[in-house]
Amino acid sequence: MVPTPDAASVLAASPDAVLTVGPDGRVLSANASAGQLLGRDPGKLPGARFLDFLPKAERARVEGLQRDALAGASQRYDTRLTAGGDERVVSVAAAPAPAVNGGPRTLILTLRDVTEERMAHDVLARSESRYRHLFEGAR
């Protein structure tokens, strides 16, 4: 029988950023990938407000999605981060974590950086549009 790693080892090794966020929107824990994506030491992330890493224009929408997730409806959405001086596009999965000992529910956020894929998609879409316009104009 092959021994299986514990949950903490799996989260630590995950290439995706994984955060737990309390009902007040503050980070409770973060793996190393979260620290790298957010431009901070993961040990210094607890206590930070997750929404503060988003552009102001995104905060109200994401806050509503997180509220829905806390109420029990898992969410998937894309947003932007403005951490570490760079803007990144991330795909987020937000799922409620079971309440422990009657305490408040928390969120588990999994973030995947999709910036490069989105940029490649945009370049391809512009190129297709340009060639379509050329082709239609050649008739």
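The values are calculated or read from the model by the stated rules, or taken from the named source; none is laboratory data. Predicted model only: the values in this text are computed from it and were never measured. Heavy atoms of the whole protein, side chains included, go into the accessibility calculation; ligands, DNA and RNA do not. Shrake-Rupley method; radii C 1.70, N 1.55, O 1.52, S 1.80 Å.
The relative contact order of the chain, computed from alpha carbon pairs under 8 Å that lie at least 6 residues apart in sequence, is 20 percent. Here the Karplus relation 6.51 cos²θ - 1.76 cosθ + 1.60, evaluated at θ = phi - 60°, turns the backbone of the range 73-83 into coupling constants of 9, 3, 10, 10, 7, 10, 8, 10, 10, 10, 9 Hz, with x for every Gly and Pro.
Under 5 Å from the amide H of Asn31 lie the amide H atoms of Val18, each residue being 5 or more positions distant or on a separate chain, with H modelled from the backbone and absent for Pro and chain starts. Each residue of the range 51-66 was assigned a 3J(HN,Hα) from its phi angle through the Karplus expression (A = 6.51, B = -1.76, C = 1.60, θ = phi - 60°), giving 4, 5, 8, 9, x, 4, 5, 8, 4, 5, 4, 5, 4, x, 5, 5 Hz with x at Gly and Pro.
Evaluated at q = 0.14, 0.15, 0.24, 0.33 Å⁻¹, the base-10 log of the normalised Debye intensity for the range 75-115, with identical point scatterers placed on the Cα atoms, takes the values -0.42, -0.46, -0.76, -1.05. Computed from backbone phi, the HN-Hα couplings of the range 93-110 come to 10, 10, 10, x, 8, x, 5, 9, 6, x, x, x, 6, 10, 10, 10, 10, 10 Hz, rounded to whole numbers (Karplus: 6.51 cos²θ - 1.76 cosθ + 1.60, θ = phi - 60°; Gly and Pro given as x).
Note that the chain presents 64 Å² accessible area per residue, ligands and nucleic acids not counted, probe 1.4 Å.
Taking amide H atoms as placed 1.01 Å from N in the peptide plane, the amide H of Ala48 lies under 5 Å from those of Val27, each 5 or more residues away in sequence or on another chain. Taking the Cα atoms of the chain, the ratio Rg/Rh between the radius of gyration and the Kirkwood radius comes to 1.12.
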